[in-house]
Amino acid sequence: MFKDYTLQTTWTRALASLVGGAFVGAVGITFLYLPGHWSIWSQGAPKIIQFWAEAFADNLYYFSIALFLVGPPIWFLAHGLGFRTRTSAVTLGLALSVAVLIWVVTMVYWYDIGMKSELKAMGIRVIIFPIIAIPLTGAAIAHTIWRIAYRRPDASC
C-alpha cells in the first residue's frame, strides 16, 4: 500500500527542473497577453511572430530570475520536510501562485495606477482570465519542476 522508497534528486536535475519551470511559466504567462491584444491578429504574420517572441522572451527573463531567487529556498524547505510527491508539489505551486496573485491585486488596489478606465474598457475577460491562468500556471510550473527533478532511487544503491 505505501511505497518503500523516497524520491531522490541531484543538483543537475534540480537545476534542469528550474530551467524547465521557467520555460513553462513563460509559456503560460505569455498566454495572459491574449485577451488584451486581439488587434495584433489583424496585422500580419511578421508582426504576430515578433509580438509573441518579444512577450515570451520578456516572460522567460522574469520567470528565470524569480525561480532562481525564490525557488531554491522554498525547494530546500519542502524537500527537507519530506514534501516530495506530485500532489504536494502541485499544491505548493498552486498556493504560492494564489498568494502572489493576492499580493499583486492588493498592490494594484492600494497603489492606484490609473488603469481602472483601461481595465473597464477591455472588459471582464481581462480581469477573470489572469485569476484563472496564474494559479494554473503556478501548478504547471510546480509539476514540471517535480517531474524533471525527482526520480525513484536506483536499485543498485
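Read-outs: derived from the displayed coordinates by stated rules, not from any lab. Being a predicted model, the structure only gives us computed values, none of them experimental. Cβ: placed from backbone, ideal geometry, glycine included. Neighbour counts: every protein chain shown.
A few points about this structure:
- Relative exposure of 23, 63, 31, judged by other C-beta atoms within 10 Å (fewest first): 31, 23, 63
- A crude spin-label estimate for the pair residue 16 and residue 70, with each label 7 Å from Cα along the Cβ direction, gives 2.6 nm.
- Computed FRET value (nearest 0.05) for residue 77 with residue 104, which takes r as the C-beta separation and R₀ as 25 Å: 0.65
- For region 52-67, backbone phi angles converted through the Karplus equation (6.51, -1.76, 1.60; θ = phi - 60°) give residue-by-residue couplings of 5, 5, 5, 5, 5, 5, 4, 5, 5, 4, 6, 5, 5, 4, 5, 5 Hz, Gly and Pro being listed as x.
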